Amino acid sequence: MSRTRTARSRAATRSRAAALLAVPLVAGGLLGAAAVPAGAHPRPAAAAPLTCQGRGVDPAAAVRHRTETVIDAPLSTVWKLQTDVARWPSWQPPVASAERLDHGPLRAGSAFRWTIPVPSTPSTPALDLDITSTVRQLERGSCIRWTGPAVDEAHGVRIDGVHVWRFSPTRGGGVRVSTEETHTGPVVDADVPTATRVLREGLEAWLRDLKTAAEAEEAGGCRP
């Protein structure tokens, strides 16, 4: 193969990898730029990572983001919304389906499967991400840590994520929700700045949707 053809092949591979970066493991980033939820405060990269029972995100991951928001609803309401996985599609528009792979309250060892369709772009076909997450650590009303891959086998896409959530009651009766996630894999490692932006947009959208749903439920509005 000539040097010219080799260079073109490498360029095409990089282009395809960059285009597939619109595939986050979190709901929300698939729909483009998301508004930062009220009260959200992105943390600097140097901040100590969030942990649950002493375990945090992947320390070797180049793609990571941490953010938080304050929700004006009781901890019990926020916790129920976040841990009732089967109901995620009712308050997170980007989530097409979600199902528990076990029964009972969410706990360490619980697994769940959720899907997110990704619309086609000028350079990539439509993707159907199949995400299987496993809860590794959980303290009721305090924190959750899960891990798992997002996969589209038809297009050879796989992104491995580690996600930590912390819930802290505020003096005013609300809840401070903090979250941090890391992504690893060839697709995201090909363009770390873009992958980080997509992850940021997705996490902030998730917090925005959780805040909206919890505050609406507490106000007696639409209940998921």
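Couple of notes before you dig in:
- Restricting segment 167-224 to GluC sites (Glu not before Pro) in coil, as DSSP defines it, with at most 15 other Cβ within 10 Å: none
- Each distinct pair of alpha carbons in segment 172-223 adds a 1/r term; the inverse of their mean, the Kirkwood radius, is 13.1 Å.
- Whole-angstrom gap from segment 51-81 to segment 155-224, using each part's C-alpha centre: 8
- Residue-normalised accessible area of segment 69-224, expressed per residue, 1.4 Å probe, Å²: 43
- Straightening the chain between residue 216 and residue 134 buys 26.6 nm, computed as 0.36 nm per residue apart minus the Cα-Cα spacing.
- Rounded accessible area of residue 76 (nearest 10 Å², 1.4 Å probe): 90
- The listed residues 70, 175 rank as 70, 175 when sorted by accessible area, largest first, using a 1.4 Å probe.
The values are calculated or read from the model by the stated rules, or taken from the named source; none is laboratory data. Predicted model only: the values in this text are computed from it and were never measured. Cβ atoms come from the backbone with ideal geometry, glycine included; neighbour counts cover every protein chain shown. Quick note on the areas: whole protein, heavy atoms, side chains included, nothing else; ligands and nucleic acids left out. Shrake-Rupley method; radii C 1.70, N 1.55, O 1.52, S 1.80 Å.
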